[in-house]
């Protein structure tokens, strides 16, 4: 039979039990701490992270160029007049009398309808939107002085009017969008048989493809920053949020000059 050695002089079994319990508690508390903390509570510093100041990641010009092209290609549905063209193809059989333009009144109706949709396509390129401090989205017309929104009170007007000023690029985008609509709309079977009955088939198949490809390439490389009718909504800006907070607390605080 194995016998336990006698306890050292000056120590009792109660002291031994207390030391064992304290050791167990210390091991449990150390296991519950994060890996980057010592038993005394000091944080361990990773030598790979200690010498860095969180530098900004540099992107090569080629990567930025590819990213710009992919971003522009993803927005082609909003840049090109797809919605306007779909609406036009819906009413084209009606206004052209299924491409016969007979009686002659249908010819003028076809010309007028085509001109109306073309003007709308051109005009929509000069519109923009913004999210006001009240959380709603409002549309306006870009002018030389900024965004024209006569339907809104002064408190909801966009604060950064310089962003919405009319630019030369707006006319370029409007002309390109109009070219795409004209090439696709005038080559639809109903309109073509009514306005251009003698047009050859190679021209009918080639013109819309060439024009659409060229304009899509330009929009992909140089995407528009407008978010007008039919475009994605412009997020609320910091200046607009600041204006809204100033207006809501105008009774308790003073305005900034």
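Between 220, 216, 224, which is within 22 Å of residue 124 (Cα to Cα), in a loop (DSSP other than H, G, I, E, B) and modelled with pLDDT under 85? Break it down into steps so the answer makes sense when it comes.
Details: 220 fails: in a loop (DSSP other than H, G, I, E, B); 216 fails: in a loop (DSSP other than H, G, I, E, B).
When all the criteria are applied, what remains is 224.
A count restricted to segment 133-162 and to residues that are in contact (Cβ under 8 Å) with a residue 40 or more places away in the chain and either touching a strand residue (DSSP E or B) at 6+ places or on another chain (Cβ under 6 Å) or outside any loop (DSSP other than H, G, I, E, B) (or both) stands at 5. Within segment 90-108, the residues that satisfy the criterion of being part of a helix (DSSP H, G or I) and crowded, with 16+ Cβ neighbours inside 10 Å are 92, 95, 106, 107. For segment 149-181, the candidate set comprises residues that are in contact with a helix residue (DSSP H, G or I) (Cβ under 7 Å, 6 or more places away or on another chain) and over 25 Å from residue 117 (Cβ atoms); within that set, the residue that is surrounded by the most Cβ atoms within 10 Å (Cβ to Cβ) is 158.
Only one of the numbered conditions (1) closer than 30 Å to residue 155 by Cβ; (2) modelled with pLDDT of 80 or more is violated by residue 201, and that is (1).
Report whether or not residue 208 is under 35 Å from the mean Cα position of the chain (by Cα) and closer than 17 Å to residue 89 by Cα. Explain how you work it out, then say what you get.
Details: under 35 Å from the mean Cα position of the chain (by Cα): yes; closer than 17 Å to residue 89 by Cα: yes.
Yes.
Residue 240 - would you say it is surrounded by 13 or more Cβ atoms within 10 Å (Cβ to Cβ) and at pLDDT below 75? So residue 240 fits the description; yes.
The values are calculated or read from the model by the stated rules, or taken from the named source; none is laboratory data. It should be emphasised that the depicted structure is a prediction, and the values quoted were computed from it without experimental measurement. For neighbour counting, all protein chains shown are included, and Cβ atoms are generated from backbone atoms with ideal geometry for every residue, glycine included.
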